[in-house]
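The block underneath contains the structure these notes are about, expressed in structure tokens.
Just so it is clear, none of the values below were taken in a lab; they were calculated from the coordinates. All figures in this text were calculated on a predicted structure; none of them were measured in a lab.
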């Protein structure tokens, strides 16, 4: 079984520290509307995924909006792919608006673009999820609600960072 942990953190925060104000896990508050009617400034989300067993293939991160089926990769709002180096990867999602999102990261070790499954229909490639979700008997399958985090405007020019440890 693959053990995954995910913690949302600012650039200077270590895994396990408190959530910064601009990203809140599981927040279901309504969207922030711009006060003056102008579009909100864009936010860059950096996903730091670590703990891959090897550097084969690529890491793929899928970002979802509310209401999307996180089990359907074609329902993803945005996708980022990168080669893995030293068991880790940095994936970027530029030009995002404030709001709620969910994230799934997987190790596409054979570069076929899908999450492979074993004969028991369990994932055969490593997975990581936002909001600290761990798949299992009691947790059930991932859903948007279980993976939800809120991305708020950053203070300054620093990107928002989501750290996902894949083991």
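Computed on the stretch 88-142, with alpha-carbon pairs under 8 angstrom and 6+ residues apart, the relative contact order is 28 percent.
Quote the relative contact order of the stretch 59-167 in percent (integer), defining contacts as alpha-carbon pairs under 8 Å separated by 6+ residues. Here the relative contact order equals 27 percent.
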